[in-house]
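Trainee: Below you'll find the structure I mean.
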Amino acid sequence: MATLSFRGVCKDFKGGVQAVKDFNLEVKDREFIVLVGPSGCGKTTTLRMIAGLESVTRGEIWIDNTVINDVPPKDRDIAMVFQNYALYPHMDVYNNMAFGLKLRKFPKEEIDRRVKEASDILNIRQYLARRPKELSGGQMQRVAVGRAIVRHAKVYLFDEPLSNLDAKLRVEMRAELNRLHNRLQATMVYVTHDQVEAMTLGDRIVIMKDGYIQQCASPLELYDYPVNKFVGSFIGSPPMNFIAGKIEGTADDMSFVFGDFKVPLVDRIKKKVQPLLNQEVFFGVRPEHVYDSKFVKEGGSTAPVHGTIEVIERLGNEILIYLSVAGQKLILKEDAHCKAEIGEKINISFNMNSVHIFDKKTESNFTLK
């Protein structure tokens, strides 16, 4: 296996388009890294630079102790799984998986051993004689992964491999990829725009926007401590609530004020947001940290805030309640058996130990640990 390093990597295209800007990252040996972000953020371009399918404009990419900027793709010892699978339609599964090894002049016995070993890992041994058109989407995806893992490469790259599957298959294949990583203990870089995939697969997640890394951390750290408003809004389903308002009061008696409501801040937050006193901010709170005041919960704010229920989404194990509060939208999660009605007016409170304050101008989080 291998380490992977990015040192000031940039990628410029014709017309002055900068797809990747000052990308710095250290990927540990056997780590599963996920690059995630909206379309056009530079994540697939970054993956293609690792593979050698795109040149690096500035900076260096290292595998172990070697700079690979000028190393031909075939010599980088990298295996890639593409979004559209890219299987050869005229070959059966066995030969699709064996093709790369044949090009590298592996002995026939070694090719046979590796193909059968990979097919057993992915539970596709029974399909080795079939052609791609005779396979389902999930089976083709497994073949594409199998073609990669027979290589025993230093680094494995995945470019949105689940995007063509239906919802049920995506869940199943996420679990398959997790098991595969645990079994192979390989260095993997995975690109997706789906934050649920990122949260469930990655040891660490790299959030990208406009070519820049916004934050790189474990899934739980990203969820609990987003560095800015973009990360808070991108990670989490449903996303974090953001209420526009102002910090008012004094250093000792500070509140978040929006509309006719005033929410006193706890000491932990007061110390960190003093530079924002009397300035406009965003009050960030996850839907599970917004409470119906009829149910007393630890950490709940004491100041009453009123909202009107506009939409209710019933998800089986829970419901999402969409509120209008002082002209702003807010989502809270409740137990599936909560008796809520559209048009009902309810009092809410916030878990003040879990809220975040973002500067309105820079969108930076002032309440990080």
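Trainee: So, in region 114-131, exactly how many residues are open to solvent by less than 70 Å² (accessible area, probe 1.4 Å), outside any helix (DSSP H, G or I) and more than 21 Å from Ala153 (Cα to Cα)?
Mentor: Within region 114-131, residues that are open to solvent by less than 70 Å² (accessible area, probe 1.4 Å), outside any helix (DSSP H, G or I) and more than 21 Å from Ala153 (Cα to Cα) number 1.
Trainee: Does any residue in region 338-361 that is assigned to a strand (DSSP E or B) come within less than 6 Å, Cβ to Cβ, of a residue that is among the aromatic types (Phe, Trp, Tyr) and open to solvent by 50 Å² or more (accessible area, probe 1.4 Å) six or more places away or on a different chain, and which pairs are these?
Mentor: Close Cβ pairs (under 6 Å, with a partner that is among the aromatic types (Phe, Trp, Tyr) and open to solvent by 50 Å² or more (accessible area, probe 1.4 Å)) amount to Ile357/Phe366.
Trainee: Looking at (1) open to solvent by 10 Å² or more (accessible area, probe 1.4 Å); (2) over 19 Å from Arg183 (Cβ atoms), which is the one condition that is false for Leu101?
Mentor: (1)
Trainee: Taking Ala144 as meeting all but one of (1) open to solvent by 80 Å² or more (accessible area, probe 1.4 Å); (2) assigned to a helix (DSSP H, G or I); (3) small (Gly, Ala, Ser), write down the number of the exception.
Mentor: The failed condition is (1).
Trainee: Okay, moving on. What number of residues in region 216-233 are open to solvent by less than 40 Å² (accessible area, probe 1.4 Å) and either in contact with a helix residue (DSSP H, G or I) (Cβ under 6 Å, 6 or more places away or on another chain) or in a strand (DSSP E or B) (or both)?
Mentor: Summing the residues that are open to solvent by less than 40 Å² (accessible area, probe 1.4 Å) and either in contact with a helix residue (DSSP H, G or I) (Cβ under 6 Å, 6 or more places away or on another chain) or in a strand (DSSP E or B) (or both) in region 216-233 gives 4.
Trainee: Do we find a residue being open to solvent by 20 Å² or more (accessible area, probe 1.4 Å), assigned to a loop (DSSP other than H, G, I, E, B) and within 27 Å of Lys360 (Cβ to Cβ) anywhere in region 196-215?
Mentor: Among the residues of region 196-215, at least one is open to solvent by 20 Å² or more (accessible area, probe 1.4 Å), assigned to a loop (DSSP other than H, G, I, E, B) and within 27 Å of Lys360 (Cβ to Cβ), which makes the answer yes.
Trainee: Are any residues in region 161-177 part of a helix (DSSP H, G or I) and open to solvent by 50 Å² or more (accessible area, probe 1.4 Å), and if so, which ones?
Mentor: Passing the criteria: Ala167, Lys168, Val171, Glu172.
Trainee: Taking strands (runs of 3 or more DSSP E) that do not extend beyond region 1-48, which have at least 3 residues that are touching a residue at least 24 places away in the same chain (Cβ under 8 Å), over 21 Å from Asp194 (Cα atoms) and open to solvent by 10 Å² or more (accessible area, probe 1.4 Å)? Spell out the reasoning first.
Mentor: Working: elements: 4-13, 17-27, 32-36.
Per the criteria, 4-13, 17-27.
Trainee: Still on this structure, please answer the following. Output the residue which, of all residues in region 239-271 that are outside any strand (DSSP E or B) and open to solvent by less than 20 Å² (accessible area, probe 1.4 Å), is farthest from Gln195 (Cα to Cα).
Mentor: Here is the first cut: in region 239-271, the ones outside any strand (DSSP E or B) are 239-240, 250-253, 259-260, 265-271.
If we keep only those that are open to solvent by less than 20 Å² (accessible area, probe 1.4 Å) too, we end up with 240, 265, 269.
Working: Met240: 13, Leu265: 30, Ile269: 28 Å.
Within region 239-271, the match that is farthest from Gln195 (Cα to Cα) is Leu265.
The values are calculated or read from the model by the stated rules, or taken from the named source; none is laboratory data. For clarity, every value in this text was computed on a predicted model and none was experimentally measured. Counting neighbours? That spans all protein chains shown, and the Cβs are built from the backbone with ideal geometry, glycine included. Note: accessible area is taken over every heavy atom of the protein model, side chains too, but ligands, DNA and RNA are not part of it. Shrake-Rupley method; radii C 1.70, N 1.55, O 1.52, S 1.80 Å.
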